[in-house]
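The values are calculated or read from the model by the stated rules, or taken from the named source; none is laboratory data. Computed from a prediction, not measured in an experiment: that's the story for all the values here. We place every Cβ from the backbone using ideal geometry, glycine too, and count neighbours over all the protein chains shown.
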């Protein structure tokens, strides 16, 4: 049986990989090993396994091993593109702009105040697919340290996020003409899976949701890119770990 290492609660890059494996009919032959934020740095073997498999030393998720324990998928793209290649410029925008900025916006809202941070902590405390000790450390001061590191590394400042939102809007506008024609059809192509999953934090944020994030999600849902992502989630709800209709 293959092994897929993921970050839980499911990251949007991990969700893209999972979509692709399900679409390929591989789900029954893949076991998922999940790590909560924080634990993925101090306890995960992913960095060592990726380097041993010929990849760059990087603790990022996901990572796919074959039945013999050899690296089969170094990252989400090597798994997603089993469903077809993503056009180079679109892939660049999705990987370097859309994915990272969607994640930063998501964390900006979850870490903005004590109530919102408590929502994120609750999610990490109640993820059934991670080990007991990983859930328990999210009841300790270590959890606040993890949140602070994530905020400082991705969100940084209000001014930074204003510029990031403009970059994201520009990327959406550049991607829009590609919609509803191959390979960005409402089917499980590599391109459509990648776009849908990497946009998801902006259009179908997981529950419980800070009110400010729900309000911002309404904005991004109005863009054709947001509408496309939402349409993919609605058409294939059973493919995603993150969709809660």
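Only one of 192, 153, 169 is in contact with a strand residue (DSSP E or B) (Cβ under 6 Å, 6 or more places away or on another chain) and either within 13 Å of residue 102 (Cα to Cα) or assigned to a helix (DSSP H, G or I) (or both); which?
Working: 153 fails: in contact with a strand residue (DSSP E or B) (Cβ under 6 Å, 6 or more places away or on another chain); 169 fails: in contact with a strand residue (DSSP E or B) (Cβ under 6 Å, 6 or more places away or on another chain).
Going through 192, 153, 169 in turn, the sole match is 192.
Working only within the stretch 204-240, note down all residues that are surrounded by fewer than 18 Cβ atoms within 10 Å (Cβ to Cβ), touching a helix residue (DSSP H, G or I) at 6+ places or on another chain (Cβ under 9 Å) and within 19 Å of residue 179 (Cβ to Cβ).
Matches in the stretch 204-240: 219, 221, 224, 227, 231.
Output the number of the condition that residue 67 fails; it satisfies all remaining conditions of (1) more than 28 Å from residue 163 (Cβ to Cβ); (2) touching a residue at least 60 places away in the same chain (Cβ under 8 Å); (3) in a helix (DSSP H, G or I).
Residue 67 satisfies every listed condition except (3).
Looking at this structure, is residue 86 at pLDDT 95 or above, buried (at least 19 other Cβ atoms within 10 Å of the Cβ) and closer than 20 Å to residue 194 by Cβ?
In short, yes.
Listed here are the residues, each with its yes/no results for (1) free of Cβ contacts under 8 Å to residues at least 40 places away in the same chain; (2) assigned by TED's automatic domain parsing to the domain that holds residue 194; (3) surrounded by fewer than 16 Cβ atoms within 10 Å (Cβ to Cβ).
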{"site": "53", "(1), (2), (3)": "yes, no, no"}
{"site": "76", "(1), (2), (3)": "no, no, no"}
{"site": "93", "(1), (2), (3)": "no, yes, no"}
{"site": "115", "(1), (2), (3)": "no, yes, yes"}
{"site": "123", "(1), (2), (3)": "no, yes, no"}
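Can you pull out every residue in the stretch 80-94 that is more than 22 Å from residue 240 (Cβ to Cβ) and assigned to a helix (DSSP H, G or I)?
88, 89, 92
Go through the stretch 78-91 and report how many residues are closer than 18 Å to residue 27 by Cα and free of Cβ contacts under 8 Å to residues at least 40 places away in the same chain.
Final tally of qualifying residues: 1.
Quick one: would you say residue 131 is in contact with a strand residue (DSSP E or B) (Cβ under 9 Å, 6 or more places away or on another chain) and buried (at least 20 other Cβ atoms within 10 Å of the Cβ)?
Judged against the criteria, residue 131 is not a match.
What helices (runs of 4 or more DSSP H) completely inside the stretch 8-52 contain at least 3 residues that are touching a helix residue (DSSP H, G or I) at 6+ places or on another chain (Cβ under 6 Å)?
Those helices (runs of 4 or more DSSP H) span 12-23.
Pairs please, first residue from the stretch 194-205 and free of Cβ contacts under 8 Å to residues at least 40 places away in the same chain, second anywhere and buried (at least 24 other Cβ atoms within 10 Å of the Cβ) and assigned to a loop (DSSP other than H, G, I, E, B), Cβ atoms under 7 Å, 6+ apart in sequence or on different chains.
Filtered contacts from the stretch 194-205: no entries.
Answer yes if at least one residue in the stretch 185-193 is within 18 Å of the chain's Cα centre (by Cα), closer than 25 Å to residue 37 by Cβ and either at pLDDT 95 or above or not assigned by TED's automatic domain parsing to the domain that holds residue 75 (or both), and no otherwise.
We begin by selecting, within the stretch 185-193, every residue within 18 Å of the chain's Cα centre (by Cα); these are 188-193.
Okay, now just the ones that are also closer than 25 Å to residue 37 by Cβ, so 193.
Imposing the further condition that a residue be either at pLDDT 95 or above or not assigned by TED's automatic domain parsing to the domain that holds residue 75 (or both) reduces the set to 193.
The answer is yes, given that some residue of the stretch 185-193 is within 18 Å of the chain's Cα centre (by Cα), closer than 25 Å to residue 37 by Cβ and either at pLDDT 95 or above or not assigned by TED's automatic domain parsing to the domain that holds residue 75 (or both).
Quick test of your reading of the structure: residue 38 fulfils all but one of (1) surrounded by 22 or more Cβ atoms within 10 Å (Cβ to Cβ); (2) closer than 25 Å to residue 152 by Cβ; (3) not assigned by TED's automatic domain parsing to the domain that holds residue 207. Name the failing condition by number.
For residue 38, the exception is condition (1).
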